[in-house]
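Novice: First, the structure itself, so that you have it in front of you.
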Amino acid sequence: MKRIGKAKRHFYFIVSLIFLGLFVCILAFYQKAGNEEKLCINEVLFTSFWPVLGDEKHPTEWIEIYNGTEAAVNLKGYGLSDDPDEPLKWTFPDITVEAEDYVLVYTEKYTGEDLKTNFNLGKKREYVLLSDPMGDVLDTIYNENAFDDISVGRFPDGGEQAVLVRTSPGSTNNGTM
């Protein structure tokens, strides 16, 4: 009798491990899918060593937004900010980002005619927030300490935050870590 009871316990233990493993795999799959299928801050260059501020060939600070969804998104009214207390510090004009595409926004240091915020970024302890038109924060990138021409972003696109040694403004981060 005791052998049957022991065999049952082993059986239940093995079945429990299998279900636990399946649960962890399913959870990991949905978390990965959730990271990739959203509108997010994909990459930020906080500082550059280029000496001429606003040089159009080498902008000193920029923010890349990635649309990881399957549909185009109109960004009108969405906001970017470096201040968690003011999530709509700068708002997007009527501009659409296509599915799985990027929009590049420069800070006010940039002298070109492209999209440009009304704030600059700092080298230390800096936040960049993306908010919906209601001011609800959709995504945040935090930088403890910036290094010249090394960006902070998501790897792969829409994934986990990482330090990106090779910047890739307006294009995929996959392969640039």
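The values are calculated or read from the model by the stated rules, or taken from the named source; none is laboratory data. If you're wondering where the values come from, they're calculated on a predicted model, not measured in any experiment. With ideal geometry, Cβ positions are generated from the backbone for all residues, glycine too; neighbour counts draw on all protein chains shown. Only protein heavy atoms, including side chains, enter the accessible area calculation; ligands, DNA and RNA are left aside. Shrake-Rupley method; radii C 1.70, N 1.55, O 1.52, S 1.80 Å.
Novice: Hey, can you tell me all the residues within segment 154-177 that are assigned to a strand (DSSP E or B) and in contact (Cβ under 8 Å) with a residue 40 or more places away in the chain?
Specialist: Within segment 154-177, 154, 160, 164 meet the criteria.
Novice: Assess whether residue 117 counts as being in contact with a Ser or Thr (Cβ under 8 Å, 6 or more places away or on another chain), in contact (Cβ under 8 Å) with a residue 12 or more places away in the chain, crowded, with 16+ Cβ neighbours inside 10 Å and more than 16 Å from residue 90 (Cβ to Cβ).
Specialist: Considered against the rule, which asks whether it is in contact with a Ser or Thr (Cβ under 8 Å, 6 or more places away or on another chain), in contact (Cβ under 8 Å) with a residue 12 or more places away in the chain, crowded, with 16+ Cβ neighbours inside 10 Å and more than 16 Å from residue 90 (Cβ to Cβ), residue 117 comes out as no.
Novice: Only one residue in 34, 5, 54, 77 is out of contact with any Asp or Glu (no Cβ under 6 Å at 6 or more places or on another chain) and modelled with pLDDT of 95 or more, so which one is that?
Specialist: Within the list 34, 5, 54, 77, the selection yields 77.
Novice: Sticking with this structure for a sec: Determine if segment 87-101 includes at least one residue that is closer than 20 Å to residue 46 by Cβ, at pLDDT below 95, among the basic types (Lys, Arg) and surrounded by 15 or more Cβ atoms within 10 Å (Cβ to Cβ).
Specialist: No, there is no match, as no residue in segment 87-101 is closer than 20 Å to residue 46 by Cβ, at pLDDT below 95, among the basic types (Lys, Arg) and surrounded by 15 or more Cβ atoms within 10 Å (Cβ to Cβ).
Novice: Determine, yes or no, whether residue 122 is out of contact with any helix residue (DSSP H, G or I) (no Cβ under 9 Å at 6 or more places or on another chain) and more than 14 Å from residue 92 (Cα to Cα).
Specialist: Considered against the rule, which asks whether it is out of contact with any helix residue (DSSP H, G or I) (no Cβ under 9 Å at 6 or more places or on another chain) and more than 14 Å from residue 92 (Cα to Cα), residue 122 comes out as yes.
Novice: Which numbered condition trips up residue 151, out of (1) in contact (Cβ under 8 Å) with a residue 60 or more places away in the chain; (2) assigned to a loop (DSSP other than H, G, I, E, B)?
Specialist: (2)
A quick yes/no check of all residues on (1) open to solvent by less than 30 Å² (accessible area, probe 1.4 Å); (2) part of a strand (DSSP E or B); (3) out of contact with any Phe, Trp or Tyr (no Cβ under 8 Å at 6 or more places or on another chain); (4) modelled with pLDDT of 90 or more:
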site	(1), (2), (3), (4)
113	no, no, yes, no
122	yes, no, no, no
135	yes, no, yes, yes
140	no, yes, no, yes
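Novice: How many residues are buried (at least 17 other Cβ atoms within 10 Å of the Cβ) and among the hydrophobic types (A, V, I, L, M, F, W, C) when one looks only at segment 142-177?
Specialist: So the answer is 4.
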